[in-house]
1. Determine, yes or no, whether Arg125 is among the charged types (D, E, K, R), modelled with pLDDT of 95 or more and surrounded by 17 or more Cβ atoms within 10 Å (Cβ to Cβ).
2. Return only the number of the condition from (1) part of a loop (DSSP other than H, G, I, E, B); (2) closer than 22 Å to Asp21 by Cβ that Pro146 does not satisfy.
3. Taking the range 43-80, which residues are buried (at least 20 other Cβ atoms within 10 Å of the Cβ), within 20 Å of Thr148 (Cβ to Cβ) and of a type outside the set (S, T, N, Q)?
4. Is one or more of the residues making up the range 89-108 surrounded by 22 or more Cβ atoms within 10 Å (Cβ to Cβ) and either out of contact with any helix residue (DSSP H, G or I) (no Cβ under 9 Å at 6 or more places or on another chain) or more than 13 Å from Leu13 (Cα to Cα) (or both)?
5. May I ask you to list the residues in the range 84-106 that are farther than 21 Å from Met150 by Cα and in contact (Cβ under 8 Å) with a residue 40 or more places away in the chain?
Amino acid sequence: MSVQIGTKKGIALAQLGLMLDYPVTGQAHRIHSLVQSVASSYPKAVKLLSEFDAAWEQKSLSEFEELYTRTFDLAAICSPYVSGYIFGDENFDRGTLMATLGDKYAELAFDSCGELPDHLSVLLRFSSLLDQEALDELVEHCLLAPVTEMTDRLKDSDNPYYFLVSAILTVLKIDHPGA
């Protein structure tokens, strides 16, 4: 994978990945700023991101903490670890993928902030370091199918994270061959 910091799509995906962080004080303002930035470059994602942004205005931090935990952590509706969607939970290829990703992260001096290499937010943040060819490969092999399944799992749940994951899927599909 070659490095070309700053492809438009990679930067947008990294910003979307930041929205997947565990909720903390001040995150509503951060979410609003990130939504505005991504929406200006990807108008197809505007409605979805606006819905996610609006949810931050309507819920308290503690409600979002509980929602995040229910959605992505304990007995998760939607696991954020993409290798489980690609290989299943009990496949040794998951470890191979994580080792390969870890090597790529080290090669590019990318910090996964203590999270496993196959965590969706980590992969999205990492995408900002890739050139178009490497980004297309990451989307095709690691992101498109898992994010599609995550969107399907959240679809009927009345969960605001549905809008964020759907916006991620929308951006992934733009200019992607075969999507």
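The values are calculated or read from the model by the stated rules, or taken from the named source; none is laboratory data. This structure is a prediction, so every number in the text was calculated from the model and none was measured. With ideal geometry, Cβ positions are generated from the backbone for all residues, glycine too; neighbour counts draw on all protein chains shown.
1. On the way: among the charged types (D, E, K, R): yes; modelled with pLDDT of 95 or more: yes; surrounded by 17 or more Cβ atoms within 10 Å (Cβ to Cβ): yes.
Judged against the criteria, Arg125 is a match.
2. Against the list (1) part of a loop (DSSP other than H, G, I, E, B); (2) closer than 22 Å to Asp21 by Cβ, Pro146 comes up short only on (1).
3. The answer is Ala45, Leu48, Leu49, Phe52, Phe72, Cys78, Pro80.
4. So in the range 89-108, the residues surrounded by 22 or more Cβ atoms within 10 Å (Cβ to Cβ) come out as 101.
From what's left, either out of contact with any helix residue (DSSP H, G or I) (no Cβ under 9 Å at 6 or more places or on another chain) or more than 13 Å from Leu13 (Cα to Cα) (or both): 101.
Within the range 89-108, one or more residues are surrounded by 22 or more Cβ atoms within 10 Å (Cβ to Cβ) and either out of contact with any helix residue (DSSP H, G or I) (no Cβ under 9 Å at 6 or more places or on another chain) or more than 13 Å from Leu13 (Cα to Cα) (or both).
5. Result: Lys104, single match.
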